[in-house]
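Here is the structure we will look at.
The values are calculated or read from the model by the stated rules, or taken from the named source; none is laboratory data. This is a predicted model, so every value here is computed, not measured. Note that each Cβ is placed from the backbone with ideal geometry, even for glycine, and that neighbours are counted across all protein chains shown.
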Amino acid sequence: MKMCFRSWLTPVAAALVSVCIASAPAAGAGKPHYIITNDDVPAPLATSVTFYSVGANGLLTVKGKVLTGRGGIAGGYFAANRVNVLDNGSTQCVYASQAASGEIVAIFIKTLKIASHATGSKRDTGSSNGVGMAMNSQYLYASFTDSNTIGTFKVQPGCKLKFLSDITVGGLQGGTIDGMVLHGNMMVTTYGDGSIESFNISAGVPVSNGDEQNSTGSRGGNTYPNGIDITQDGHFAIFGDTATSTIVEVSDISSGKLTPTVVYHLGSAQSSSNIMLSPDETLLYISNTQGDRITAAFFDTGTGTLTKGCVSGTLKGYVTDWSYLGSLALQQTTGTGGTVYVAEFGGPSSIAEIKVTSAGGKCTLKESPKSPAPDPNSPGLLSIGAFPPRPF
Amino acid sequence: MRSVSRYLLAIVICGFPFLRLAAQCPNRPEAGTVVNDALSLSSANGVLSAELTMKHSVDEAGYTHYCYIYDTGKGEAESPTLRLNQGDNLLLDVKDRIDLDDSAGMMEMPPGKTCGDGGMMMLSSTNVHFHGLNVPPTCHQDDVLTTLIQPGKPAFKFNMLIPADEPPGLYWYHPHVHGFTEFQVNGGAAGALVVGGMEKFHPEVSGLKERVFVLRQQYLVPWVPGPYQLTINYQVADSPSFPSPIIKMKPNEKQFWRVANATIQDFMPLQVWFNGKPQKLQLIALDGYPLAKSRMVDTILVPPAGRAEFIVQAPPQNNEAIFIALGYSTGPTGNPDLEQQLGRIDVSNEEEETTETANETESKPVEPAAAPLTTSNIKFAGLEEQKPTAQRKLYFSEEFGGTNGPIQFYITVDGQKQKVFEPNEKPVITTHVGAVEDWYIENRALETHAFHIHQIHFKVLEVDGKPVADKDMRDTMEIPFWEGPGHPYHSIKVRMDFRDPTIAGTFVFHCHILLHEDLGMMHKILVLPK
């Protein structure tokens with residue numbers, strides 16, 4: 001532990017901080033605390049969703065596996081979010097996309113039983129690169145990466161979904177839908193050709209805000225936006241870029257539309273396709289998807305600026321056990337999140353557990369000695385989620 | 001739409017019609033038989049005139065074949081070897097008779113003047129690139145940017161002079177319609193072209209039996225990584241699944257082998273083994289350019305589209321000998337290039353069987369010169385001593401959006417925007433006749449690439465920042481993959497020679513992994529007249 005704290009901390013202070021971290025509110029009283037995987041087992045085998053209990057030390061143990069009765073594809077786009085969690089008072093559900101069939105399977109968190117299956121229109125398919133999702137308490141949106149469509153589903157009681165309609169989308173150069181995220185009445189998307197776009201979802205079905213544009217980074221030619229996060233106040237949209245280094249772009253969306261992005265070069269770790277803000281928004285976690293580590297950058301919520309923070313060491317098992325990093329999830333819903341989890345794409349896959357410390361403008365990311373937690377159920381893990389979810 | 005999208009469209013729409021086709025291409029040699037050279041068509045009185053017809057079909061194993069067919073009058077021969085001498089005139093008529101309804105997956109030709117039939121670039125369209133020849137990038141010569149031959153149309157007429165100072169050696173011809181090159185070269189449409197006279201530069205090849213081996217590669221579905229077969233002169237080399245092709249040699253006999261790597265993406269470290277041990281090979285030429293001095297090697301790395309010409313000496317009788325391509329790592333995101341025995345060398349004093357691939361027309365054997373010529377007598381002479389007029393930096397890179405391999409392939413002039421090739425694009429490099437330029441080319445991708453430029457050869461000066469001992473002239477050169485963070489990019493430094501006024505015009509440079517080329521890892525260069 002000593003390595004995790006600044007040298008001016010006395011052993012006593014360090015111990016106190018350690019206790020505080022361990023007892024930080026990880027979940028609401030009485031709620032289970034899970035890290036959830038979309039195992040994405042390729043059809044014709046039945047795929048599954050695996051639930052991990054989160055220990056006080058941040059370590060994961062398998063709670064159960066739910067067979068969905070459908071199939072996955074064991075791969076696809078990094079930024080397609082294949083697990084979504086709804087914690088809406090009495091309704092607590094996990095939604096997992098099924099790439100082979102294009103369905104959305106819902107699971108009751110309480111019982112870990114299948115609640116429903118939902119499908120879009122006949123044209124909605126994502127069997128090559130996956131089906132992503134984003135949701136609020138009223139609607140779930142599914143991005144179908146093959147048909148380049150976004151389906152809108154109405155959230156209904158009992159973890160059910162009702163398909164409303166779909167729209168065709170696409171990048172300025174014909175790129176395919178990739179990342180998708182919501183905030184309030186706004187949806188922001190990325191496409192595989194460097195373009196980004198926002199939509200108004202106040203009426204449910206997305207309507208383009210007419211602001212589709214090539215990101216600044218892609219205009220520079222070195223990179224293109226992939227995963228997205230939006231600040232709690234909706235002021236900034238943050239894009240993790242696919243690139244040969246760590247590049248993140250930020251757009252001011254306070255006007256309700258995308259503005260030209262500002263590009264941040266945050267290190268040499270390869271690619272940055274998945275990102276996630278810490279609950280307190282002081283840190284942006286970056287999954288170096290084509291590399292072998294994760295990166296954290298300091299984020300200024302007032303200005304939307306990013307500065308270099310810290311980088312983990314090479315995560316265990318790179319090349320030998322896994323080849324790509326996938327999406328991120330956090331242990332805690334407050335502060336810096338405690339432990340960062342990242343999907344490790346391999347056969348079988350695993351989840352790396354990385355402890356975070358941050359104080360005085362410095363941070364560390366250190367993989368836990370017992371990391372990773374194996375996911376024997378997944379031959380190609382890309383998406384994980386947390387319950388309870390981050391509050392924004 | 002960008003090339004990726006168009007390509008995917010082509011996959012979806014054009015994938016299934018393959019299976020409906022009646023056979024148009026000849027049967028290929030059976031596995032485990034003697035490897036014969038292709039039919040040779042040799043120039044006579046300074047002219048080689050021939051007609052090739054492009055067809056295609058699917059064999060019983062499901063492999064799609066595109067084929068250049070030459071009608072011998074007695075039957076059909078596939079991809080004949082074209083043999084010319086310096087100063088000869090090549091008159092080649094090419095007809096497109098690909099029977100395929102592919103109204104989708106098309107690309108527009110660049111605006112302005114077109115050459116040939118014009119129209120849209122489709123899977124059933126074709127043209128010809130004369131790989132390595134230092135000839136003009138103009139209509140009816142070696143122009144792949146505007147030349148289009150459409151199915152059912154009258155023959156397109158190529159008419160070019162082999163320069164009087166063209167390096168003697170092995171070249172090859174293949175289709176080069178952007179977006180569809182890989183489909184047509186996969187397992188089929190590629191043939192050898194020999195410019196005679198090597199013995200004038202390397203008298204050690206005089207009197208030796210010459211073999212021309214064209215190595216091809218066939219995937220069932222060329223755009224999907226997976227099992228593939230190598231072939232040698234169209235015979236499957238897939239040991240132990242199939243019996244090995246047989247290469248006949250007499251005990252202790254020396255033969256002059258001219259080997260073209262006409263695969264779509266296979267990097268081949270070539271060796272000849274006796275009793276399991278690699279033997280010394282006398283390397284004579286690379287990429288159709290005679291070495292200044294032959295050298296003894298045990299491995300010759302030939303990238304896709306590269307050629308190697310070397311002397312092999314057979315072992316005494318009763319020794320086991322094989323011709324083999326070793327495995328080659330193309331990096332974390334590249335396709336695996338597996339070790340494969342290309343042929344079993346059968347060492348015996350038996351007379352070879354007479355085959356129907358005897359020369360169609362015989363060229364008179366060239367007597368070696370009294371004193372060997374040197375490379376100062378051919379193109380690019382004195383290049384190393386030239387002072388470069390410009391320096392450029394280029395780099396290969398790839399981008400991933402997910403786990404299904406790279407989705408964008410770039411070759412970029414440093415400082416310019418990364419972008420994929422578009423037929424309508426403006427040249428990314430403009431230079432002029434007389435220029436001599438040093439290009440530093442870096443590979444920033446996790447996959448090995450093969451740099452190729454049309455119309456000229458280049459001299460290799462440095463590899464990974466270090467001067468090379470053998471500054472060979474090449475037209476295709478491998479640049480190994482980047483090992484990842486903490487490692488430097490691999491690179492080459494080469495000297496480009498634009499002094500020849502006949503190569504003025506617009507042509508291309510690209511990666512010769514053909515999928516990469518088709519997906520846009522290519523750009524134009526304009527050489528302005530002086």
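Table for the structure above
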quantity: Number of the exception - A:T289 against (1) more than 14 Å from every other protein chain (Cβ to nearest Cβ); (2) under 16 Å from the mean Cα position of the chain (by Cα); calculated: (1)
quantity: Residues located in region B:414-440, provided they are closer than 26 Å to A:T289 by Cα and aliphatic (A, V, I, L, M); calculated: B:V420
quantity: Meets criteria (touching a residue at least 24 places away in the same chain (Cβ under 8 Å), closer than 29 Å to B:H176 by Cα and in contact with a Ser or Thr (Cβ under 6 Å, 6 or more places away or on another chain)) for B:A305; calculated: yes
quantity: Segments classed as strands (runs of 3 or more DSSP E), wholly inside region B:119-218, with at least 3 members that are of a type in the set (A, V, I, L, M, F, W, C); calculated: B:156-161, B:191-195
quantity: Pairs with Cβ under 7 Å, 6+ apart, first in region A:25-47 and on the phi > 0 side of the Ramachandran plot and surrounded by 17 or more Cβ atoms within 10 Å (Cβ to Cβ), second among the hydroxyl-bearing types (S, T, Y) and modelled with pLDDT of 90 or more; calculated: A:D40/A:T47; A:D40/A:S378
quantity: Qualifying strands (runs of 3 or more DSSP E) (wholly inside region B:228-284; at least 1 residues being of a type in the set (S, T, N, Q), over 14 Å from B:N36 (Cα atoms) and under 24 Å from the mean Cα position of the chain (by Cα)); calculated: B:228-232, B:254-261, B:268-274
quantity: Number of positions in region B:279-328 that are in contact with a helix residue (DSSP H, G or I) (Cβ under 9 Å, 6 or more places away or on another chain) and either at pLDDT below 95 or over 23 Å from B:V194 (Cα atoms) (or both); calculated: 1
quantity: Inter-residue pairs, beta-carbon under 8 Å, first assigned by TED's automatic domain parsing to the domain that holds B:T146 and in region B:481-510, second in a loop (DSSP other than H, G, I, E, B) and surrounded by 19 or more Cβ atoms within 10 Å (Cβ to Cβ), 6+ apart; calculated: none
quantity: A:R219 vs. criteria in a helix (DSSP H, G or I) and surrounded by fewer than 21 Cβ atoms within 10 Å (Cβ to Cβ); calculated: yes
quantity: Search result, residues across region B:152-172 that are surrounded by 22 or more Cβ atoms within 10 Å (Cβ to Cβ) and more than 18 Å from B:I503 (Cα to Cα); calculated: B:F156, B:P168, B:G169, B:L170, B:W172
quantity: Some residue of region A:361-370 being touching a residue at least 12 places away in the same chain (Cβ under 8 Å) and under 28 Å from A:D87 (Cα atoms); calculated: no
quantity: Counted residues, region A:86-108 - those being farther than 24 Å from B:T403 by Cα and surrounded by fewer than 22 Cβ atoms within 10 Å (Cβ to Cβ); calculated: 8
quantity: Residue in region A:189-211 that is under 20 Å from A:L382 (Cβ atoms) and hydrophobic (A, V, I, L, M, F, W, C) present; calculated: no
quantity: Which numbered condition B:S43 fails, given (1) modelled with pLDDT of 95 or more; (2) among the polar types (S, T, N, Q); (3) surrounded by fewer than 21 Cβ atoms within 10 Å (Cβ to Cβ); calculated: (3)
quantity: Those residues of region B:386-416 which are in contact (Cβ under 8 Å) with a residue 12 or more places away in the chain, closer than 17 Å to A:Q270 by Cβ and either of a type in the set (S, T, Y) or not assigned by TED's automatic domain parsing to the domain that holds B:D518 (or both), in sequence order; calculated: B:Y395, B:S397, B:Y410
quantity: Which numbered condition B:E398 fails, given (1) in a strand (DSSP E or B); (2) at pLDDT below 95; (3) surrounded by fewer than 17 Cβ atoms within 10 Å (Cβ to Cβ); (4) not polar (S, T, N, Q); calculated: (3)
quantity: B:E320 vs. criteria over 28 Å from B:F458 (Cα atoms) and acidic (D, E); calculated: yes
quantity: Residue that is surrounded by the most Cβ atoms within 10 Å (Cβ to Cβ), among those in region A:355-384 that are within 14 Å of chain B (Cβ to nearest Cβ) and part of a loop (DSSP other than H, G, I, E, B); calculated: A:L382
quantity: Failed criterion for A:F387 (all others in (1) of a type outside the set (D, E); (2) in contact with an Asp or Glu (Cβ under 6 Å, 6 or more places away or on another chain); (3) buried (at least 19 other Cβ atoms within 10 Å of the Cβ); (4) farther than 16 Å from A:I286 by Cα hold); calculated: (2)
quantity: Single match in A:S202, A:S272 (criterion: assigned to a loop (DSSP other than H, G, I, E, B), within 14 Å of chain B (Cβ to nearest Cβ) and within 27 Å of A:P388 (Cβ to Cβ)); calculated: A:S272
quantity: Qualifying residue in region A:179-193 (condition: outside any strand (DSSP E or B) and either modelled with pLDDT under 95 or of a type in the set (D, E) (or both)); calculated: yes
quantity: Residue in region A:232-245 that is touching a His at 6+ places or on another chain (Cβ under 7 Å) and either within 14 Å of chain B (Cβ to nearest Cβ) or crowded, with 24+ Cβ neighbours inside 10 Å (or both) present; calculated: yes
quantity: Residue tally, condition in a strand (DSSP E or B) and not acidic (D, E), over region A:57-102; calculated: 23
quantity: Qualifying positions in region A:163-182 - away from every other protein chain (no Cβ under 14 Å) and within 20 Å of A:S273 (Cα to Cα); calculated: A:V181, A:L182
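Let's see how each residue does on (1) more than 14 Å from chain A (Cβ to nearest Cβ); (2) more than 26 Å from B:E384 (Cα to Cα):
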{"residue": "B:Y410", "(1), (2)": "no, yes"}
{"residue": "B:V413", "(1), (2)": "no, no"}
{"residue": "B:Q418", "(1), (2)": "no, yes"}
{"residue": "B:N424", "(1), (2)": "no, yes"}
{"residue": "B:Y440", "(1), (2)": "yes, no"}
{"residue": "B:R444", "(1), (2)": "no, yes"}
{"residue": "B:T448", "(1), (2)": "yes, yes"}
{"residue": "B:Q455", "(1), (2)": "yes, no"}
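Condition check ((1) farther than 14 Å from A:P372 by Cα; (2) assigned to a strand (DSSP E or B); (3) within 14 Å of chain B (Cβ to nearest Cβ)) across all residues:
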site: A:T320; (1), (2), (3): no, no, yes
site: A:G326; (1), (2), (3): no, yes, yes
site: A:E344; (1), (2), (3): no, yes, yes
site: A:I351; (1), (2), (3): no, yes, no
